[in-house]
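Readers should treat all values here as calculations from the given coordinates under stated rules, not as data from a laboratory. Because the structure is predicted, anything quoted here is derived from the model rather than measured. Please note: Cβ atoms are built from the backbone with ideal geometry, for glycine as well, and neighbour counts cover all protein chains shown.
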Amino acid sequence: MIKDKVVTVVMPAYNAEKTLEQTYQEIPFDIVDHVILVDDKSGDKTVGKARELGIKHIISHEVNKGYGGNQKTCYDKALELRSDIVIMLHPDYQYTPKLIHAMAYVIADDVYQVVFGSRILGKGALKGGMPVYKYISNRILTLIQNILMNNKLSEYHTGYRAFSAEVLRSIDYKKCSDNFVFDNQVIAQICDKGYEIAEVTCPTKYFPEASSIKLYNSVVYGLGVLGVAFRYFLHKAGIKEYKILR
């Protein structure tokens, strides 16, 4: 706990058997009360590894629900456990668990209610092996999204995020997509509710075992997030309602 606030780490997992242990071992259990792993019907032994590590809260999807669908299960369970601070940590070891302290304390001290670990602040992205095409597309997409959403984030595409329970209860994340655009739809809901988002510099690691979407899926994802930003802009301008923001 931090200041009597229950801290929960949620891990949306898919084929994370090779990296789960390293990720889990770096979680700071001096402040983390619960770890939830949701396995999205992996083809490897992710669930077995989670049990071997002693993770108490393991949920296995009988069918693959997608990245967004996985997160919905994560947040539902975290709120069921009466968590006050919820941190999404990918179990592929692309993001260091060592930043959990920093992200959690920002929320516990009531400075911000949402904190993102940004790969773009500083020079960690390229140094950590992010492909150049992904770096460039990230920067272009973020620029357009900032303009359309009247924001100043360094990136919208990080998978390292911390929320207060208040935020998760105030948005309707279940209305969001079950695929990768879920993250950006949640940002739209957060901004629509008037919450500001803090960012901390986060080193990242790209290696064969780390999860990464391929080029075609990256293009589909890019078009999807631009669609979210345009719909948000039209909604805020009073031109056309965006159903996830109702």
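Residues whose amide H comes within less than 5 Å of that of Leu121, counting only those at least five positions distant or on another chain, are Cys202 (H built at 1.01 Å from N in the peptide plane).
If the elastic network links every pair of Cα atoms under 10 Å, which of Pro203, Pro131, Pro12 fluctuates the most in the Gaussian network model of the chain? Judging by the Gaussian network model, the answer is Pro131.
List Ile85, Ile136, Ile2, Ile187 from most exposed to least, where exposure is judged by having the fewest other Cβ atoms within 10 Å.
Listing Ile85, Ile136, Ile2, Ile187 from fewest to most nearby Cβ atoms yields Ile136, Ile2, Ile187, Ile85.
Using helices alone, what [θ] at 222 nm do you get for the chain, with -39,500 (n - 2.57) per DSSP H run of 4 or more residues, divided over all residues and rounded to the nearest 500? Please report the intermediate quantities before stating the final value.
Working: 9 runs with 102 residues, N = 246.
After summing the helix terms and dividing by residue count, I get -12500 deg cm²/dmol.
Between Glu241 and His101, the modelled labels are 4.8 nm apart [label points 7 Å from Cα along Cα→Cβ]. With a ≥ b ≥ c the root eigenvalues of the C-alpha gyration tensor of the chain, is it rounded (a/c under 1.5), prolate (a/b larger than b/c) or oblate? Because its axes are fairly even, with a/c under 1.5, the chain counts as rounded. Of Thr73, Thr23, Thr201, the residue with the greatest mean-square motion in the GNM of the chain, using alpha carbon springs below 10 Å, is Thr201.
The stretch between Glu80 and Asp110, if pulled fully straight at 0.36 nm per residue, gains 8.6 nm over its current Cα-Cα span. Once backbone amide H atoms are built at 1.01 Å from N, Asp44 has Asn15 as its partners under 5 Å, excluding neighbours fewer than 5 places away on the same chain.
Arranged from highest to lowest average of other beta-carbon atoms within 10 Å per residue, in what order do the peptides 92-98, 138-144 appear?
Values: 92-98: 20.9, 138-144: 16.3.
Put in order of decreasing packing, that is 92-98, 138-144.
In a simple Cβ point-charge model (Lys, Arg +1; Asp, Glu -1; nothing else charged), the chain has a dipole of about 700 debye relative to its Cα centre. The GluC sites (Glu not before Pro) of segment 28-104 that DSSP puts in a loop, and whose beta carbon has at most 12 other beta carbons within 10 Å, are Glu62. Taken one residue at a time, the phi angles of segment 221-227 give Karplus couplings (6.51, -1.76, 1.60, θ = phi - 60°) of 4, x, 5, x, 6, 5, x Hz. Gly and Pro are set to x.
Pull out the extension gain between Tyr206 and Asn146, defined as 0.36 nm times the separation in residues minus the alpha carbon to alpha carbon distance; nm, one decimal. Provide the component values of the computation, followed by the final result.
On the way: separation 60, 0.36 × 60 = 21.60 nm, distance 2.59 nm.
Full extension from Tyr206 to Asn146 adds 19.0 nm.
Rounded to the nearest 20 debye, the dipole magnitude of segment 44-155 is 400 debye, with +1 charges on Lys and Arg beta carbons, -1 on Asp and Glu beta carbons, and the Cα centre as origin.
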